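The values are calculated or read from the model by the stated rules, or taken from the named source; none is laboratory data. Here the structure is a predicted model, which means the values were calculated and not measured. Neighbour counts are summed over all protein chains in view; Cβ atoms, including those assigned to glycine, are modelled from backbone coordinates with ideal geometry. Accessible surface areas use protein heavy atoms only, side chains included; no ligands, DNA or RNA. Shrake-Rupley method; radii C 1.70, N 1.55, O 1.52, S 1.80 Å.
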Amino acid sequence: MAEIVKVSNMAGITAEALRRVRAALDNGQQEARLFSLALSGGSTPGPFHEGLAVESNIDWSRFVVLWGDERAVPPNHADSNYRAAHQQLLSKVAPMAVWRMAGEASDLSKAAKNYEACIRSLPGAKISMAILGMGDDGHTASLFPGEAAVTDRLVAETPEPYPGKHRRLTLTDAGLDACEEVLILVSGENKADRLAEVLAGGDLPLARILANRRNKPTTVIVDGPAAKSL
Ligand code: 6PG
């Protein structure tokens with residue numbers, strides 16, 4: 001099962017996530033120079049992005065930055081995950097490469113295939129680390145409750161999860177399985193009951209991902225309010 005790390009607040013989530021990025025960078029130093037990091041959307045990773053931007057001794061020339069999911073909008077749209085990460089992090093650092101998901105594509109299925117090819121070009125066809133969040137409905141990346149698991153592709157297009165909430169591109173069950181390490185950042189009391197359900201193995205996307213990854217480095221970093229029902 002995933003490791004659960006409880007911290008008191010959002011600052012604690014950020015500090016723990018940054019510590020784990022540094023540890024992964026140190027571990028990988030001998031074997032692979034390249035470090036591929038998949039970012040997520042939502043509000044929780046904002047402070048992490050801002051913290052990573054000012055971390056000292058980070059060799060950004062080792063980084064390939066990717067995304068775990070993206071909304072079907074252009075990169076300058078207010079709902080774009082790329083746009084948020086650019087403002088919080090990527091405008092301040094110089095990674096070797098930034099591979100955004102083409103949310104603006106007219107053919108999302110083709111965009112998903114292209115993104116899969118990018119992932120397959122990474123060493124071992126694996127993302128070094130993915131940062132995920134959890135919605136209060138139990139979704140992660142853009143894998144929403146009620147949608148079947150996708151295991152035949154690493155990246156897929158998905159329908160609007162709720163009216164007006166944009167179609168998406170997302171790493172699939174198989175895509176999240178093909179990450180060396182996954183960190184799930186969960187903050188806030190509104191997530192507490194759902195997180196308890198996920199960790200009890202409920203029929204929810206995040207529960208499925210944690211079960212698939214039970215033998216792979218996977219950490220849920222949770223703050224006090226979100227841990228209330230654990
Ligand atoms: C997105 C996501 C999504 C997010 C959760 C949690 O693009 O919306 O990647 O899976 O991580 O919805 O969002 P919050 O951090 O805002 O609670």
The simple spin-label model distance between SER43 and CYS118, using points 7 Å out along Cα→Cβ, in nm, is 2.7
Diffusion coefficient in µm²/s returned for the chain by Stokes-Einstein, Kirkwood Rh over C-alpha pairs, 10 °C and 1.306 mPa s, is 91
Excluding residues fewer than 8 positions from LYS6 in its own chain, the aspartates and glutamates with Cα under 20 Å of it are GLU16, ASP136, GLU181, GLU189, ASP193, GLU197, ASP223
Per-residue ellipticity at 222 nm attributable to helices in the chain (runs of n ≥ 4 DSSP H, -39500 (n - 2.57) apiece, nearest 500 deg cm²/dmol) works out to -8000 deg cm²/dmol
Residues whose built amide H sits under 5 Å from the amide H of GLY41, excluding neighbours closer than 5 in sequence, are ASP69
Once the in-chain neighbours fewer than 8 apart are removed, the lysines whose Cα is under 22 Å from LYS113 read LYS126
So the FRET efficiency between ALA148 and SER109, C-beta based with R0 = 22 Å and rounded to 0.05, is 0.85
In the neighbourhood of ASN81 defined by beta carbon distances under 14 Å, the net charge of the other residues (Lys, Arg +1; Asp, Glu -1) is +2
Heavy-atom accessible area of region 1-110 with neighbours in place, 1.4 angstrom probe: carbon+sulfur share in percent works out to 48
In Å², rounded to a whole number, the accessible area per residue of region 57-188 with probe 1.4 Å is 41
Yeah, region 128-200 with a ≥ b ≥ c from its alpha-carbon gyration tensor (a/c under 1.5 is rounded, else prolate when a/b outruns b/c, oblate otherwise) is oblate
